[in-house]
Amino acid sequence: MSEEKTITIEVDGQTLEAKPGALLIDVTDAAGIDIPRFCYHNKLSVAASCRMCLVEVEKVPKPIPACATQVTDGMKVQTRSPVALAAQKGTMEFLLINHPLDCPICDQGGECELQDVAMGYGSDVSRFVEGKRVVPQTDVGPLIATDMTRCIHCTRCVRFGDEIAGMRELGATGRGEHMTIGTYIAHSVDSELSGNVIDLCPVGALTSKPFRYRARAWELTRRDGVAPHDSVGSNIQIHVRRNRVMRVHPRENEAVNEVWISDRDRFSYEGLYSDDRLTRPLIKKNGAWAEASWEDALEAAARGLRSVAAADADQIGTLVSPTATLEELYLAQKITRGLGSANIDHRLRQSDFRSEGPAFPWLGQSIAELEKVDAALLIGSNVRKDQPLLAHRLRKASLKGAEVHFVNPLGLDLHFDANQVVSDLAGMVHNLAGIAKAAGGSKVLAGRVSVSDEHKAIAKKLKSAGSATILLGNLAQSHPDYSILYGLASSIAESTGAALGILPAAANTIGAALAGAVPKYGAGARPAEKTGLNARTMLESPRKGYLLLGLEPGLDCANPALAKQALAGAECVVALTAYRSPSLEETADVMLPIGAFAETSGTFVNAEGAWQGFGGAVAPLGEARPGWKVLRVLGNLMDLKGFDYLSSEEVRDELQQACAGARPENDLDNTTDGEIQASAGKLMRIGEVPIYAADALVRRAAALQETKDARDAAVARANATVAGKAGVGDGDTVAVVQGGQRAKLVLRVDARVPDGCVWVAAGVPGSESLGDQFGEISLEKV
Amino acid sequence: MSALETLNKDELFTPEIRAEIDREIAKYPEGQKQSAVMAALRIVQDDNGGWLTQERMDEVAAYLDMPPIAVYEVATFYSMYEHKPVGRNKLCICTNVSCMINGSDKIVEHLNNKLGIKWGEVTEDGRFSLKEVECLGACGGAPMMQVGRKYYENLTPETLDSILDELE
């Protein structure tokens, strides 16, 4: 890019360089000159409605708003002249006319923009003696508390809904004195990014409901962290009081989360303090759980695993959650391999392992690059709910004119324009094969596919776009034919020149691959000397000893029934866990309490491969200890070499050395031409993992579980044809049956679910007894 | 999915109303259907006995591909959209300066007594409702009122009686 011309302006006697057309307020902000504002936000459109940023500009007869004024060469601005000050003071007086000034009982008190600016720019005393306006209380759902009497009508929240969340839920109804911000009719605000309006609101009108009346801003210590749920790795600030996480705020990082975080990242901290947190080590004796000292519990765990390994090391199987830290994952694989086994995996929800997949998978591009694509093809992805901030980037691309296509087993509610190709599971493979053939590359399934005009159009767009990407989402990764989907996707990428990417499901999915938590690759994603069983085969041919790190077998595995059966039959199951999950109580022999999110130091590797480290914000609850420490001691007790770390940084440094030279790459020649496993003629389950069921922490976050997204997950969904065949209708209670196991659910008739499919969520209570996430299922009338 | 998203555009309103709204939409450039929101609300309000319900506003939103809240904003901003039932004849009495000076108070008092209703109320038989409005630009004929699309000027209690008798 050529060097852009700059112009010179003068603000308060200071000479500033600026780009022509830049907003005056952006130029002064960059120079550290403070101009008060309420409605202006650099990520939102300019409203210029609050008038707080009025400044005096030479040769302009009246004060003008800095947020809506473009700089011009030679402009002379006064932000503190008598005219500017009088304008600001007058505006402040008007803004306070209807404001209740109830700061002592307002949650925003102490971190309120109105309070701060009133101190700096307002009068001591108001001349207003008339009655103030009062707005009746409204309920907008479990996450946001409202006190609209405090609202100053800046409309940041309204613009956020329109421009960022892509869902206009709030608006300004009425006019003049009677104008109020709200939903008008009583309903909840349901966007998965809704919590950001709490940060945007410059007053106490929109505050956090779970945090309400819990603490004052000045009592909180702020510690940097990284969000633990999706693969964005949003930068957050954890606010702590007396060793308790009180709330979570976003931390600005333009390359990752900009200034936003998803509701899941914001409100999941509540799950830290659920009643079933494990705070003391437990040992199962004669079928009953008993509390034990750390010494006894660690000894029992080490003895159990060592005795299994001594007889046959291959009988050890290690299942790790991809939400664990890099350090924990690295030590877990070090223990497993140290014991002589190679059975370790983090791909708990994957069921098709016919091809191993890339050693070091990734998004295929940086997160910021996603908003610059001209065309995208997403395969098996509900990106809006699974990686909300990646969806936000794609939405930006779409608004700029990018064409986005989905090949999915269900229709999505999206917040941007996209073409959705919806079919059953087998149909997905055929559709993708059609696109691959139209793109002119593939040998995969080539002889057996028909190419539709839609396939041709998608292939053509991917080819002609300046920058295109093909992304495999959570649903694809759990698909019974993932290896074929991957092969087809790579073939399309190869023949169209599009970047092939994976949308990793969990916070540390990529980290787990780097840490060597896979059976074929060791630390640093180097081919392992000895290869072992993957997450599925470890359960299909049950092991005698299992080491579990951070997972709930009934909710985190692709096939919970299979997982529970395999674990129940084992001689020794050692679980490092933050929670007393029912499925662990059933199947484990020793439970070691480890620190959850915010309670341990560590590192997550996000979708673009960035290592983001964090310290522990609070000490683990009760006797729980950071996972890496527990694994270190476990390694030592089993006389394994190289477990004498003093800090998690030492663990990380060791892994970092092993990772030297490792480059993320979704290799393109990884093609499989296997048989399609998803049966076309039979009824198949679409076992999507809903947004608030993704991991153990968020499943326990009380407020999130009351949201519409969570409530909508507690049903079975089928279209009218499928429901009609089973003789059931909307609202009926039905039994879904998988492998002899039944779960009773209310049926919703939903046209978005394709023929031959029933949507039954995975990872939610009630799904523990069911089988494969994407397996055969039947629907019965109760 | 909310009930709204399941609304089928071809089944909203009656064919006549759809045609009328489509005529309004056609006045604006392609892709700017929402510009017709005020006209659409007026058409729908007229069809609905002079007032808007939430369902009707939601239908307008669905028809024009707008978020419902954006329609509520418009419908609550302008005072000529009604959100409560009105009489078959909505008597809009101006009480602004010129009318007030020329005795609009007496007109209002007369109506209060004669019809037994106050601002915003509807007579029991549903024939009349009263609405206080600001200047309608007919100061030359003050005091005045608007009923439907017609202005009645230089009102006195006597002329008012005969006007009311003529209104069904």
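Values in this text are rule-based calculations from the coordinates and carry no lab data. Keep in mind that this is a model prediction, so the values were computed, not measured. In this analysis, Cβ positions are derived from the backbone assuming ideal geometry, glycine residues included, and neighbour counts consider all displayed protein chains.
Percent of Cα pairs in region A:584-700 per distance bin of 10 Å, from zero to the largest separation: 9, 24, 30, 23, 12, 1. Near A:Ile367: Cβ cut-off under 12 Å, other residues only, Lys/Arg at +1 and Asp/Glu at -1. The net charge is -3. Of the cross-linked pairs A:Lys544/A:Lys629; A:Lys461/B:Lys9; A:Lys19/A:Lys43, which ones have a Cα-Cα span greater than 23 Å in the structure shown? Check vs 23 Å cut-off fails for A:Lys544/A:Lys629; A:Lys461/B:Lys9.
Residues A:Tyr273, B:Tyr72, ranked from the fewest to the most other C-beta atoms within 10 Å, line up as A:Tyr273, B:Tyr72. Shown for chain A: cysteine residues without a partner Cβ closer than 4.7 Å, namely A:Cys53, A:Cys67, A:Cys103, A:Cys106, A:Cys112, A:Cys151, A:Cys157, A:Cys201, A:Cys557, A:Cys572, A:Cys659, A:Cys757. Of the cross-linked pairs A:Lys564/A:Lys744; A:Lys76/A:Lys132; A:Lys385/A:Lys744; A:Lys396/A:Lys682; A:Lys396/B:Lys33; A:Lys89/A:Lys400, which ones have a Cα-Cα span greater than 28 Å in the structure shown? Correct reply: A:Lys76/A:Lys132; A:Lys396/A:Lys682; A:Lys89/A:Lys400. Ellipticity at 222 nm from helices only: DSSP H runs of n ≥ 4 in the protein assembly as shown, each -39500 (n - 2.57), divided by the residue count, give -8500 deg cm²/dmol.
Pair-distance distribution P(r) for region A:556-616, from all Cα-Cα distances in 10 Å bins starting at 0: 19, 35, 28, 17 percent.
Footprinting exposure proxy ranking of A:Met428, A:Met638, fewest other C-beta atoms within 10 angstrom first, gives A:Met638, A:Met428.
Rg/Rh, computed from the Cα trace of region B:3-77 with Rh as the Kirkwood radius, has the value 0.92.
The antiparallel fraction among DSSP beta bridges confined to the protein assembly as shown stands at about 55%.
Partners of A:Lys456 within straight-line reach, counting aspartates and glutamates whose Cα lies under 15 Å from its Cα and excluding those fewer than 8 residues away in the same chain: A:Glu403.
Each Cα pair of region A:114-209 feeds into the Kirkwood radius, which the Stokes-Einstein equation turns, at 25 °C and 0.890 mPa s, into a diffusion coefficient of 172 µm²/s.
For region A:507-581, the relative contact order is 24 percent, taking Cα pairs closer than 8 Å that sit 6 or more residues apart in sequence and dividing their mean separation by the residue count.
Taking only the Cα atoms of chain A, the ratio Rg/Rh comes out at 1.00, with Rh defined as the Kirkwood radius. So what is the relative contact order for region B:3-77, in percent, with contacts set as C-alpha pairs under 8 Å and at least six apart? It rounds to 32 percent for region B:3-77. Shape of chain B from the C-alpha gyration tensor: prolate (a/c of 1.5 or more and a/b above b/c, with a ≥ b ≥ c the square roots of its eigenvalues).
Taking every alpha-carbon pair in region A:586-632 and binning the separations at 10 Å intervals from zero gives 25, 41, 27, 7 percent.
Taking the fewest neighbouring Cβ atoms within 10 Å as the starting point, the ordered list for B:Ile69, A:Ile492, B:Ile17 is B:Ile17, B:Ile69, A:Ile492. Relative contact order of chain A: 13 percent, from C-alpha pairs under 8 Å at least 6 residues apart in sequence.
Restricting attention to region B:89-166, lysine pairs at least eight places apart or on different chains and with alpha-carbon atoms under 13 angstrom apart total 5.
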